[in-house]
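Here is the structure we will look at.
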Amino acid sequence: MSRETVFRKVARLEFDEAVAWYESERPGLGLEFKSAVDALLATIAQQPSLFRLVRGPIRRAVLKRFPYTIHFLAEPSRIVVLAVYHASRDPRVVARRE
């Protein structure tokens, strides 16, 4: 079963800023980052339980090519993206977004 994917406002902002930053580093790289995130979100929507629980009901999916993780909640009918998170950031920030 595939679920709808929705972003919390702060997660959407993080994602959009990351796409813009990669695009400013090299034309086309922002699109590659966006495609990698979209592909991982499609997998999350299909099988959220494949991804490790990191705190309570929050799960984490790790991008392969880029140093980012996606923190999310798997609800019965949707996936709620809490953060599109650079690996160097403090993970306790995500915990406050529950």
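Bear in mind these aren't lab numbers, they're just calculated from the coordinates by the rules spelled out. If you're wondering where the values come from, they're calculated on a predicted model, not measured in any experiment. Counting neighbours? That spans all protein chains shown, and the Cβs are built from the backbone with ideal geometry, glycine included.
Go ahead and set up a Gaussian network model of the chain, Cα springs under 10 Å, then flag whichever of LEU40, LEU29, LEU73 fluctuates most. Between LEU40, LEU29, LEU73, it is LEU29 that shows the largest mean-square fluctuation.
Under 5 Å between amide hydrogens, built in the peptide plane, is the criterion, and for ALA83 it picks out HIS71 among residues at least 5 positions away or on other chains.
Along the axis of the charge dipole computed for region 4-95 (Cβ charges of +1 for Lys and Arg, -1 for Asp and Glu, origin at the Cα centre), the listed residues PRO57, THR43, LEU31 are led at the positive end by PRO57.
Excluding PHE33 itself, calculate the net charge of residues whose Cβ lies under 15 Å from the Cβ of PHE33, where each Lys or Arg counts +1 and each Asp or Glu counts -1. So the surrounding residues net to -2.
Close amide H pairs (under 5 Å, H built 1.01 Å from N) link TYR68 with LEU63, ALA87, residues at least 5 positions away or on another chain. Using a Gaussian network model of the chain in which every pair of alpha carbons under 10 angstrom is joined by a spring, one finds that among VAL62, VAL19, VAL54 the greatest mean-square fluctuation is at VAL54.
About the centre of its Cα atoms, the chain shows a dipole size close to 400 debye [charges on the beta carbon of Lys, Arg (+1) and Asp, Glu (-1) only; nearest 20 debye].
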